[in-house]
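A.B. asks: Quick one: the structure is below, and I'll ask about it shortly.
Nothing in this text is a laboratory measurement; each read-out follows from the coordinates by a stated rule. For clarity, every value in this text was computed on a predicted model and none was experimentally measured. Backbone-built Cβ (ideal geometry, glycine too); neighbour counts: all protein chains shown.
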Amino acid sequence: ISEEIELNSLLSKLMRVLMENAGANKGVLLLSNSDNWEIVAQCHNNTCDLSTLPLEQTDIIPLTIINTVKRTQKTLLLNNLEQNNTFTTDPYFFAQKPKSLLCTPILHQGKLIGILYQENNLTTEAFTPERLEILNLLTAQAAISIENARLYQHLEAKVEQRTQHLQETLKQLQQTQAQLIQTEKMSSLGQMVAGIAHEINNPISFISGNITHAREYFQDLLELLNLYQEDSPDPSSVIQDKLEELELEFLCDDLEKLLNSMETGSKRISKIIRGLRNFSRLDESKSKEVDIHEGLENTLMILQHRLNRNSSGIEIAIVKNYGKLPLVNCYANQLNQVFLYILNNALDAVTTSESDNCPQISITTEVKDSQSVTIRIADNGIGMSEDICQRIFEPFFTTKPVGKGTGLGLFISYQIITEQHGGKLECISQTGKGTEFMIDIPIK
């Protein structure tokens, strides 16, 4: 028994050895636990139960015997209970009729740490002096082994607790690091987007502003040309040849179309610039009332290059079911990040799906109640299994190939929605049947 360090294994082996050497057919071991006494092992013949049971909640042993040994810290031997009436009032002896009884204190460095109760219900004088001598040696060894095993158990629990604490701390550090990296990345991206938008905005402003003047100058020149033609109806052959070469009528008509297309293009570029600026919103560090639909549209505009044609040359359909939403008090830049992450995942899902269905992403918005709005983004892509769906918001968890995903996008989205906005973000998915992300955001 001195070789056993694991408590349950020690108790099992200890009870078997003690009962074999004592000649008992029932044995119960009690251990002290912070001034409370617990039954940690109870054995009948060859069967042992190692479940822990408080002493006061049991009637499997005579409490008067146990209390006597606790008080005196001396072995109590009753080798013929039929002739001993000292403890006959104990309720245990009304139900049980043991022939012989032995109750031994287990002491470690003078301190009572346990009590071993044994009985034999078949014969009197079962516990002979020779057996008592062996039991005294065994209980002395048992005291040391039990204390070592309990110390090991305590240290093991402390190590496990410390390990768990370190794992939690590491996880928190990883999450904080991930958030810092992603925040810095989005901040750098936002600054770059804002810088590009600013640089493009200046020349496009010149172009769009000068188109009006160019159209006016063209009209002035055209009027002047008409006056020349009226004043000189018979031009020289050189001018006549040049007019025919230039196809003046076509040139005048086409130049107007050219100016119109330039104006349309410059307006499109200006709209893209406004979308980029609104998407980044670097100047909005505080929450403010925001049009959710504007954020969705700006995000779709950012992803337009992925929407037009996927790798198979099939256009992805965007179905918008926009409800009438009030302005929502939120952090616009962060909410746009969430839309970007979720829509990017939806695009990945529909472009990798082998389904014959036409790739489609639907965006639905509605007022949930007087306190919140709901945004649902669903795709008809490959979907996810239940196991993956349950882990989708864990940091660094990704099903994408190495280099294609960091496993941080949805984790950060969950943090943004739940912690910074006090909302809910849920994922509903089934393999082969697409995925839906549901965002609930408080209005105020």
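A.B. asks: Under a Cβ-only charge scheme (Lys and Arg +1, Asp and Glu -1), can you give me the dipole magnitude of the chain about the Cα centre, in debye to the nearest 20?
C.D. replies: 2660
A.B. asks: Another one. May I ask for the net charge around Gly110, where only other residues with Cβ less than 14 Å from the Cβ of Gly110 are counted and Lys, Arg are +1 while Asp, Glu are -1? Show your work: numbers first, answer last.
C.D. replies: Values: positive: Lys74, Lys111; negative: Glu147.
Combined, the nearby Lys, Arg, Asp and Glu give +1.
A.B. asks: Nothing charged except the Cβ atoms of Lys and Arg (+1) and of Asp and Glu (-1): what's the magnitude of the dipole of segment 38-171 about its Cα centre? Round to the nearest 20 debye.
C.D. replies: In total the dipole reaches around 340 debye.
A.B. asks: Sticking with this one: Can you tell me the mean projection area, over all orientations, of the convex hull of the chain's alpha carbons? Units nm², please.
C.D. replies: 38.6
A.B. asks: Of the listed peptides 385-393, 112-120, what is their order by residue-averaged count of other C-beta atoms within 10 Å, with the highest listed first?
C.D. replies: By packing density, highest mean first, the sequence is 112-120, 385-393.
A.B. asks: Would you calculate the convex hull of the Cα atoms in segment 287-444 and tell me its volume per residue in Å³?
C.D. replies: Output value, Cα hull per residue: 109 Å³.
A.B. asks: Subtracting the Cα-Cα distance from 0.36 nm times the residue separation, let me have the gained length for Lys257 to Lys324 in nm, one decimal.
C.D. replies: 20.3 nm
A.B. asks: Mind jotting down a quarter of the surface of the convex hull over the alpha carbons of segment 30-153, in square nanometres, one decimal?
C.D. replies: Approximately 8.1 nm², given one-decimal rounding.
A.B. asks: Moving to a separate point now. In Å and whole numbers, how far do the C-alpha atoms of segment 161-274 stretch along each principal axis, longest first?
C.D. replies: 105, 22, 17
A.B. asks: Write out the cysteines belonging to the chain for which the nearest other cysteine Cβ is not under 4.7 Å, or none if no such cysteine exists.
C.D. replies: Lacking a cysteine Cβ partner under 4.7 Å: Cys103, Cys252, Cys330, Cys358, Cys389, Cys427.
A.B. asks: What are the residues whose amide H is under 5 Å from the amide H of Tyr322, where those residues sit 5 or more places off or on another chain and H is modelled from the backbone?
C.D. replies: Excluding prolines and chain starts, which carry no amide H, the hits are Thr365.
A.B. asks: Still on this structure: Grab the beta carbon distance between His198 and Gln219, set R0 = 30 Å, and tell me the FRET efficiency rounded to 0.05.
C.D. replies: Between His198 and Gln219 the formula returns 0.35.
A.B. asks: Listed highest first by mean packing, meaning other Cβ atoms within 10 Å per residue, what order do 334-346, 291-303, 147-159 come in? Mind dumping the intermediate values first?
C.D. replies: Values: 334-346: 23.2, 291-303: 19.2, 147-159: 13.2.
The peptides rank, most packed first, as 334-346, 291-303, 147-159.
A.B. asks: Which far-off residues, 5 or more places away or on another chain, put their amide H under 5 Å from the one on Leu408, with H placed in the peptide plane?
C.D. replies: Phe396
A.B. asks: I need the peptides 91-102, 160-171 ranked by packing, meaning the mean over residues of other C-beta atoms within 10 angstrom, with the highest value on top.
C.D. replies: 91-102, 160-171
A.B. asks: Looking at Ala142, Gly432, Asn380, which one has the Cα that reaches farthest to the positive end of the dipole of the chain (charges on Cβ: Lys, Arg +1; Asp, Glu -1)?
C.D. replies: Ala142
A.B. asks: Another one. Where both partners of a DSSP beta bridge lie in the chain, what percent of those bridges are antiparallel, to the nearest 5?
C.D. replies: 90
A.B. asks: Okay, next question. Quick one: 3J(HN,Hα) in Hz for segment 362-372, Karplus 6.51/-1.76/1.60 with θ = phi - 60°, rounded, Gly and Pro as x.
C.D. replies: Each residue of segment 362-372 in turn: 10, 10, 10, 10, 7, 7, 6, 7, 5, 10, 8 Hz.
A.B. asks: Working out 0.36 nm times the residue gap between Lys433 and Glu247, then minus their Cα-Cα distance, what length gain in nm do you get to one decimal?
C.D. replies: 60.9 nm
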